[in-house]
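Okay, structure first, notes after.
The values are calculated or read from the model by the stated rules, or taken from the named source; none is laboratory data. Note that the structure is a prediction, hence the values are computed from the model and not measured. Please note: Cβ atoms are built from the backbone with ideal geometry, for glycine as well, and neighbour counts cover all protein chains shown. Each accessible area value is taken on the protein alone, full model and side chains, heavy atoms only, with ligands, DNA and RNA left out. Shrake-Rupley method; radii C 1.70, N 1.55, O 1.52, S 1.80 Å.
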Amino acid sequence: MKKIFSYLLLALALPFLAACDSDTDSNPTLQEPETFVLNLPPYATNNLIDLQYAQSLELTTNQPAYGFTAATTYTVQVTLADAFVEAAEATETTEAVEANYVSLPTTYRTAKMNVDALELSEAIISLWDAASGGADLPAEMPVTLRLKANVTSSNRGVCYSNAITLPRVHVAKPEQTLSLPEKMFLVGGMPAS
């Protein structure tokens, strides 16, 4: 009886051990797209975007055409220039070039993202200070944004979106609210008189 049970079990397990004769060519293959679309917010064209009082800026995009739906990480990049310039090291014939943009530290995993207004404002202020030598901020200025996308947890599928320009953005340097303490304790000895 034990032998019959073993043969029966082996006969039932054989179909699961068989390999497929042909591949169906339905395996996903990662395609490396050149670009993807970042949508201009509908309210950005004719309205002032006031980052001083806003909580966030909503951006939407279409996922890059990787050939399949992949988990994607998006990084927001901002510049005050019309175009993004990548950093380049100095060679024998050219000088070193610094990037003219800043990547925000927060990354996003969805095609609809609420960019932190304070984070964006700080990036714009640092770009302005670097470009203008600390001159006063204008009441409003144009700001250019783009997204960098890559397949999550890898450096594959890196591509950049189209650049969009927000024509009227208001930022303000935050006021220093630090006050001196009422009592201070210092370590050290008294000077001799």
Could you tell me which of VAL143, SER121, SER153 has its Cα farthest along the dipole of the range 115-156 towards the positive end, charges placed at Cβ (Lys, Arg +1; Asp, Glu -1), taken about the Cα centre?
SER153
Rank ARG109, ARG156 by accessible area, highest first, at a 1.4 Å probe radius?
ARG109, ARG156
How far, in degrees from 0 to 90, does helix 2-17 lean away from the longest principal axis of the Cα atoms of the chain, to the nearest 10?
50 degrees
Order the peptides 117-128, 2-13 from the highest to the lowest mean number of other Cβ atoms within 10 Å of their residues.
117-128, 2-13
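Tell me what the chain gives for mean residue ellipticity at 222 nm when only DSSP H runs of n ≥ 4 count, each as -39,500 (n - 2.57), the sum divided by the residue total, rounded to 500 deg cm²/dmol. Intermediate results must be reported in sequence, preceding the final value.
On the way: 2 runs with 32 residues, N = 193.
It comes out at -5500 deg cm²/dmol, rounded to the nearest 500.
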With the full set of protein chains in place, find how many percent of the accessible area of the chain is carbon and sulfur; take the probe as 1.4 Å.
57 percent
For the range 146-189 and the range 74-127, distance of Cα centres in Å
11 Å
Would you check the accessible area of THR91, probe 1.4 Å, heavy atoms only, in square angstrom rounded to 10?
80 Å²
Magnitude of the charge dipole, the chain, Cβ model with Lys/Arg +1 and Asp/Glu -1, debye to 20:
1120 debye
Taking the chain as the reference, fit the longest principal axis to its C-alpha atoms, fit the long axis of helix 117-132 to the helix C-alpha atoms, and give the angle between the two in degrees, 0 to 90, nearest 10.
60 degrees
Would you work out which of THR110, ALA99, PRO167 lies farthest towards the positive end of the dipole of the range 91-186, given +1 charges on the beta-carbon of Lys and Arg and -1 on that of Asp and Glu, about the Cα centre?
THR110
Give the ranking of ARG168, ARG146 by solvent-accessible surface, highest area first, calculated with a 1.4 Å probe.
ARG168, ARG146
Net charge near PRO142 (other residues with Cβ under 9 Å of its Cβ; Lys, Arg +1; Asp, Glu -1) is -1
Multiply the residue gap between LEU9 and THR165 by 0.36 nm, knock off their C-alpha separation, and tell me the result in nm, one decimal place.
49.4 nm
Solvent-accessible area of MET141, probe 1.4 Å, all protein chains present, reported in Å² to the nearest ten, please.
10 Å²
Rounded to the nearest whole Å², what accessible area per residue is found for the chain with the 1.4 Å probe?
72 Å²
